[in-house]
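Below is one structure, written out as structure tokens; the observations come after it.
The values are calculated or read from the model by the stated rules, or taken from the named source; none is laboratory data. Since the structure is predicted, the reported quantities are computational estimates derived from the model, not experimental observations. FYI the Cβ positions are ideal-geometry reconstructions off the backbone, even for glycines, and counts take in every protein chain you see.
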Amino acid sequence: MLTQEQNELLTRVGPGTPMGETLRRYWIPALLDWELPAPDCAPLRLRLLGEDLVAFRDTSGRVGALDERCPHRLTSLWLGRNEENGLRCVYHGWKFDVTGQCVDQMNEPRPFAAKIRTTSYPVAEAGGVLWVYMGPPEKQPPPPDFAWTRVPEAHRVVTKVVEECNWLQALEGGIDTSHAPIMHRMLRPNASQPGIPVSDAFVQGSAPTLEVDVTDYGYRYFGARSLGSGEQYVRGYHFVMPWTQLRPAGRGVQNRTHGHHWTPIDDRRCLVWNWYYDDAVPLGKGEAGPEETGNVFGADVDVENGFRSVRNRSNNWMIDREAQRTETFTGIVGINTQDRAAQEMMGPIVDRTREHLGPADRAIIAARKLLEEAVRAVQDGGDPPGVAPTYYGLRAAETTLPPGADWRADLIPKMDPGA
Ligand code: FES
Ligand SMILES: [Fe+2]
């Protein structure tokens, strides 16, 4: 449970808010690189942390993210002409380069372009994603470098989808391992909707015991379950501040890690980033391991409609009550869609003063604490965790071991080769 003040502190992300200022200290995954496919292609509108921006790729291939509003008389630069290394406003012809500098003013007999600079944020390209940094220039961290951004393009899949609730709800839902084999399970072998198989250790195991090890980037955490055979099934995850989770790809799947970023569009909407990669071999597109049978591969995403989900709140996620009786726990198609349904139904910003948490919520409690501490660190002039490159190379892992075996000794070297 949080106080109302804590809930406000953690969830509000606009300019000038404590959490907003903290989140602006990180690179934010914002666009898939193919959304700006070529020099001088059409600009894009995007909204990040409650700010409306326009992104464009200039003649030289550089990407800029500018305040959407033209600083002259505030029409949208999205209408603009992307030409000759700048975006030109169609209203009076002011033109801006990727740094936000005004370089031309067609309507002025004595131009004063050198004196005009609009808000502009740096953009980095990594892993087929365009990342935006919205914080103070002197605090800009090194470019994002996750294991998934390093592998060749054919080894990874990256998708995104809009979720209609506050980012922290989505993040908390994602790092919450206790719900997964409950909400996402199938009810019978070969059920007509995808989900976690009845026979899976995840479903067969007991309710999990959670352990959280706080680190300098966030924490690693474990969900340990006992199997009927007496063996222990342990899943090891990482939470990288402020919005990233690395998770094991699925039972028996080698070399693969799967994960998410949950990034705020504004206070009431967020983007769910899904990525999945194989260290060793290229992925077949559309190929899915046991846990990827949801819509990690983008099957439920309506790209033409602003990356909204086809199954969404307006159509009750197409819940099928008959399927809920016989096929899957929820009757909703798609693991990620099931997550979004539960999280969106909590309301745009859930009232955390009313909740009742238990030991199974330990990872959620730890994330809130770290986020609150990060806000205090930034307010005191320091750096939040997870901006230094200590998260590079992290992996998720899982193991099944005999009773009493030391699963930490088995998992930690696999999860953090530098530990
Ligand atoms: S409003 Fe953009 S140039 Fe006038
Ligand atoms: Fe889930």
Selection count, the stretch 179-202, where residues are out of contact with any strand residue (DSSP E or B) (no Cβ under 7 Å at 6 or more places or on another chain), in contact (Cβ under 8 Å) with a residue 60 or more places away in the chain and under 20 Å from Gly250 (Cβ atoms): 6
Between a first residue in the stretch 94-107 that is assigned by TED's automatic domain parsing to the domain that holds Leu53 and aliphatic (A, V, I, L, M) and a second residue that is within 13 Å of ligand 1 (Cβ to nearest atom) and assigned to a loop (DSSP other than H, G, I, E, B), which pairs have beta carbons less than 6 Å apart while being 6 or more apart in sequence or on different chains? Val103/Gly86; Met106/Gly93
Which numbered condition trips up Cys70, out of (1) within 11 Å of ligand 1 (Cβ to nearest atom); (2) closer than 30 Å to Arg268 by Cβ; (3) in contact with a strand residue (DSSP E or B) (Cβ under 7 Å, 6 or more places away or on another chain); (4) without any contact (Cβ under 8 Å) to a residue 40 or more places away in the chain? (4)
So, of the residues in the stretch 53-88 that are assigned to a strand (DSSP E or B) and in contact with an Asp or Glu (Cβ under 6 Å, 6 or more places away or on another chain), which turns out to be nearest to ligand 2 (Cβ to nearest atom)? Leu53
Suppose we filter Pro389, Pro384, Pro402 for residues that are in contact with a Lys or Arg (Cβ under 8 Å, 6 or more places away or on another chain) and either crowded, with 20+ Cβ neighbours inside 10 Å or in contact (Cβ under 8 Å) with a residue 24 or more places away in the chain (or both); which single one remains? Pro384
Which condition number does Ala154 fail, the rest of (1) in a loop (DSSP other than H, G, I, E, B); (2) modelled with pLDDT under 95; (3) surrounded by fewer than 20 Cβ atoms within 10 Å (Cβ to Cβ) being met? (1)
Are any of the residues in the stretch 149-158 within 16 Å of ligand 2 (Cβ to nearest atom) and of a type in the set (Val, Ile, Thr)? no
If you go through the stretch 109-127 one residue at a time, do you hit one that is within 16 Å of ligand 1 (Cβ to nearest atom), touching a His at 6+ places or on another chain (Cβ under 9 Å) and at pLDDT 95 or above? yes
Of everything in the stretch 1-19, what is without any contact (Cβ under 8 Å) to a residue 12 or more places away in the chain and not β-branched (Val, Ile, Thr)? Give them in sequence order. Glu5, Glu8, Gly16
Hey, could you check the stretch 83-98 for residues that are near ligand 1 (Cβ under 9 Å from one of its atoms) and hydrophobic (A, V, I, L, M, F, W, C) and say which is farthest from Tyr121 (Cα to Cα)? Val90
Which number in (1) over 30 Å from Gly20 (Cα atoms); (2) in a loop (DSSP other than H, G, I, E, B) marks the one condition that Ser178 misses? (1)
Selection status of Thr337, away from ligand 1 (no atom under 16 Å from the Cβ) and crowded, with 21+ Cβ neighbours inside 10 Å: yes
